Amino acid sequence: MIPFALQVAFFRVLMWFLKIGSYVIPFPAPKMFSGPGASLQMCEAIAASGVKSVLIVTDAMLVKLGLVAPMQDKLGSLGVATAIYDGVLPDPTVAQIEAGVAKLKASGAGAILAVGGGSSIDAAKVIAARATNNKPILKMAGLFKVWRKILPLYAVPTTAGTGSEVTIAAVVSDPDAQRKLAIMTPRLLPDMAALDGALMTGLPAPITAATGMDALTHAVEAYISNNAIGSTDADALEATRLIFKWLPVAFADGTNLEARQHMAQASYLAGLAFTRAGVGYVHAIAHNFGARYHVPHGLANAIVMPHVLDYSKPNCTARLAALAVAGGLKQGNETDEQLADRFIARIREMNQQFNIPTQVEKLKAADIPGIVTAALEEAHWTYAVPRYMDRAACEGVVRKMLVAA
């Protein structure tokens, strides 16, 4: 057995090489449209680019609510033929994505428009990659395993949380193995994206809260990452500022368009930050709660985050203090230790305000070893966390989310 200290040293060297890569590897940003009506402006740009047919990847509820129709009508009026694949469910599976690929082939579409939350955008990314790469989806999981350019891809997020419209990642569920797998490559970046707060005004309060806390998790984990750089720091701090100010407003009044637009911007900035800096143990553990128990990703992140930050704090106190300042929590001459504690306490207060539970109801003690194995495997080979967990430490964190008998 290799001593844990040597394992940590190895992981830190590996993450250092990834950080160097973040400077070298190009991360082209999508062409962005922002503001109420931005989705229709993007449709005009799609038509102007010469695209003649588009597959819209979304979920059935958004179609039923009428959020997709204006974009479909706009594209049609501009001479762009459309087909719809609305079979995406939360935590999209390989089977759902393959069904989307079949729909794409049947329609003959030459481009893809994702409309929805992170699940729809992630599914659209993988459909676009699968269409041009003769490779099973599960073989794409990991870093830089999509070798060929994907189909033209456009994204319209309808939640302010995942930031998937600007990230290099897509998460796919493998129900047979009860795992979530991340496909990560700059090839997955959409060509264009629209931040249209008007599309988010009807989101129910619980979804507003969970997706908003997802965005906050991205900003926080990117900022405390050892792979953070100047640009990711700026984006993460601004995202934190916006979320602390506007998420409670959007939760209390979903029709507040200003709050919705600011949250869309915050999600985008947090996505930019974690695309380069990465995330950490919050995501590694939350992914397993989603895969095993179908806990919505943002909700799982919100539950896990304060526990992981408690553990990580000794190695990132000053960074947590800076996040507290960005969130408007500084009142006087507090020490970094006090500000870090206040930041974690504020996250717990927000969870309580948003009716987010402190524990995972379906979590079973017998499942914890498997969850820990998968979480450590994901984190240690992918994320530049500030403080590494051994198996015992990770089990201790996960057990804190077990409902007491």
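The values are calculated or read from the model by the stated rules, or taken from the named source; none is laboratory data. On a predicted model such as this, the values are computed, not experimentally measured, just so you know. Please note: Cβ atoms are built from the backbone with ideal geometry, for glycine as well, and neighbour counts cover all protein chains shown. All accessible areas refer to the heavy atoms of the entire protein, side chains included, with ligands and DNA or RNA removed. Shrake-Rupley method; radii C 1.70, N 1.55, O 1.52, S 1.80 Å.
Summary table below
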item	result
Among the residues listed as Thr373, Thr382, the single one being closer than 27 Å to Phe4 by Cβ, at pLDDT below 95 and not charged (D, E, K, R)	Thr382
Residue check, Thr335 more than 24 Å from the chain's Cα centre (by Cα) and β-branched (Val, Ile, Thr)	yes
Hey, Ala47 within 20 Å of the chain's Cα centre (by Cα) and either touching a residue at least 60 places away in the same chain (Cβ under 8 Å) or part of a helix (DSSP H, G or I) (or both) or not	no
Top-ranked residue in the stretch 200-228 [being assigned to a helix (DSSP H, G or I) and β-branched (Val, Ile, Thr); ranked as surrounded by the most Cβ atoms within 10 Å (Cβ to Cβ)]	Val220
Where a residue in the stretch 231-257 is among the basic types (Lys, Arg) and its partner, wherever it lies, is part of a helix (DSSP H, G or I), with Cβ under 7 Å and at least six apart	Arg241/Ala326
Matching residues in the stretch 251-281 - criterion: being out of contact with any strand residue (DSSP E or B) (no Cβ under 9 Å at 6 or more places or on another chain) and more than 26 Å from Val308 (Cα to Cα)	Ala252, Asp253, Gly254, Thr255, Asn256, Leu257, Glu258, Ala259, Arg260, His262
Any hit, the stretch 65-72, residues being under 21 Å from the mean Cα position of the chain (by Cα), buried (at least 18 other Cβ atoms within 10 Å of the Cβ), assigned to a loop (DSSP other than H, G, I, E, B) and not hydroxyl-bearing (Ser, Thr, Tyr)	no
Looking only at the stretch 39-61, and only at residues there that are in contact with an Asp or Glu (Cβ under 9 Å, 6 or more places away or on another chain) and of a type in the set (Gly, Ala, Ser), the one that is most open to solvent (accessible area, probe 1.4 Å)	Ser49
Tally of residues being out of contact with any Leu (no Cβ under 8 Å at 6 or more places or on another chain) and either acidic (Asp, Glu) or not in a helix (DSSP H, G or I) (or both) across the stretch 229-265	6
Filtered residue count, the stretch 6-38, keeping only those that are open to solvent by less than 80 Å² (accessible area, probe 1.4 Å), under 19 Å from Gly271 (Cα atoms) and either in contact with a Lys or Arg (Cβ under 7 Å, 6 or more places away or on another chain) or not in a loop (DSSP other than H, G, I, E, B) (or both)	9
Scan of the stretch 251-267 for residues that are surrounded by 24 or more Cβ atoms within 10 Å (Cβ to Cβ) and within 17 Å of the chain's Cα centre (by Cα), ordered by number	Met263, Ala264, Ala266, Ser267
Selected residue (criterion: nearest to Gln178 (Cα to Cα)) from residues of the stretch 74-113 that are in contact (Cβ under 8 Å) with a residue 60 or more places away in the chain and of a type in the set (Val, Ile, Thr)	Thr93
Some residue of the stretch 181-199 being free of Cβ contacts under 8 Å to residues at least 60 places away in the same chain, surrounded by fewer than 24 Cβ atoms within 10 Å (Cβ to Cβ) and outside any strand (DSSP E or B)	yes
Candidates Ile168, Ile207, Ile224, filtered to the one that is at pLDDT 95 or above, closer than 29 Å to Thr373 by Cα, under 19 Å from the mean Cα position of the chain (by Cα) and aliphatic (A, V, I, L, M)	Ile224
Qualifying residue in the stretch 2-24 (condition: in contact (Cβ under 8 Å) with a residue 24 or more places away in the chain, over 30 Å from Pro386 (Cα atoms) and among the small types (Gly, Ala, Ser))	no
Scope the stretch 229-250; condition among the acidic types (Asp, Glu) and surrounded by fewer than 24 Cβ atoms within 10 Å (Cβ to Cβ); matching residues	Asp233, Glu238
